[in-house]
Every structure is written in C-alpha cells, then in structure tokens.
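I have placed the structure first, in the form of structure tokens, so that the comments after it can refer back to it.
The values are calculated or read from the model by the stated rules, or taken from the named source; none is laboratory data. This structure is a prediction, so every number in the text was calculated from the model and none was measured. Because the Cβ atoms are built from the backbone with ideal geometry, glycine has one as well, and the counts that use them run over all protein chains shown.
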Amino acid sequence: MMVSKSVPISTLGFPRIGPRRELKTALEDFWSGKSVAQTLLGEAAKLRAARWALQQKLGVTHIPSNDFSLYDHVLDTSAMQQLMRELLKEVVAVAQAQNISLDFAERWEAITGLLRFARTTSFA
C-alpha cells in the first residue's frame, strides 16, 4: 500500500515589482507628481492580488501576506516602529545646513506619509 503525503509549500520574498516593473513606474510617477497616492496604492493593490493568485495557481499552500512594500521593506518596518524619525530629522538638518540634496529624505517622508495614508484608507 502506497501512502501519499502532501508537503506544505510557502514562499518568502516573492517578487513584488510586477512583470513589467509596474510598481517602479507607479512609484516614480507618484514621486514626480504625475499621479496621486490613490493611483499608486491602487496599482499596489492590483500587484498584491496578482501575486497571491499566481502563488495559489502554482500550488503554494501557505501564501504570506503583509509582506508587500512600496519601496523598501526595511524603511517600512522602521517607519512602522518610528525607529528612524529622530535620525531623519538629523539628516535633514545637516543636509539643509550644508545645502545638500534632500532627495533621500524627501522620498522617505513620502513613503512614511503614504504608510500613514494607507493605514487610514480602505481600498477595495
């Protein structure tokens, strides 16, 4: 008698950017002012749903959730824990004092602002 056993399958680090880099395009459009936060978050929601559906189709039995990041998962986690707020204030102060571009700080603030917006908004 042959016994058949099922092996549970899970994925870690499943690609989030989209097959045609849709997330990168949507994020850059938002940063440049070509789109609004709702457009970016809508594209992100579509990408999340597509990756869940693909994993299910491929037979993944334990599909992770809440692992999506718009830009950088380490920054997202830091923002959620408010670990970098004081450091960011120092970076901005030094950059302004030395007339250095605030591109990184501005992007980080945009992401943390988006996180706050996403937590308070319902997207179907």
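Just name the residue that is nearest to Ala44 (Cα to Cα) out of those in the stretch 55-78 that are free of Cβ contacts under 8 Å to residues at least 24 places away in the same chain and of a type in the set (Ser, Thr, Tyr). Please lay out each step first, then the result.
Pass one, the stretch 55-78, residues free of Cβ contacts under 8 Å to residues at least 24 places away in the same chain: 56-58, 65-66, 73-74, 77-78.
Those still in the list that are of a type in the set (Ser, Thr, Tyr) too: 65, 77-78.
On the way: Ser65: 13, Thr77: 17, Ser78: 20 Å.
If we take residues in the stretch 55-78 being free of Cβ contacts under 8 Å to residues at least 24 places away in the same chain and of a type in the set (Ser, Thr, Tyr), then Ser65 is nearest to Ala44 (Cα to Cα).
Scanning the stretch 33-56 for residues that are closer than 14 Å to Phe14 by Cα and of a type in the set (D, E, K, R) returns Arg48, Arg51.
Which one of these is at pLDDT 90 or above and either small (Gly, Ala, Ser) or at negative phi (or both): Leu54, Leu12?
Details: Leu12 fails: at pLDDT 90 or above.
From the options Leu54, Leu12, the qualifying one is Leu54.
Out of all the residues in the stretch 59-67, is one or more among the aliphatic types (A, V, I, L, M), in a helix (DSSP H, G or I), at pLDDT 90 or above and surrounded by 15 or more Cβ atoms within 10 Å (Cβ to Cβ)? Within the stretch 59-67, not a single residue is among the aliphatic types (A, V, I, L, M), in a helix (DSSP H, G or I), at pLDDT 90 or above and surrounded by 15 or more Cβ atoms within 10 Å (Cβ to Cβ).
A single member of Ala45, Ala49 is in a helix (DSSP H, G or I), free of Cβ contacts under 8 Å to residues at least 12 places away in the same chain, under 18 Å from the mean Cα position of the chain (by Cα) and loosely packed, with under 15 Cβ neighbours inside 10 Å, and it is Ala49.
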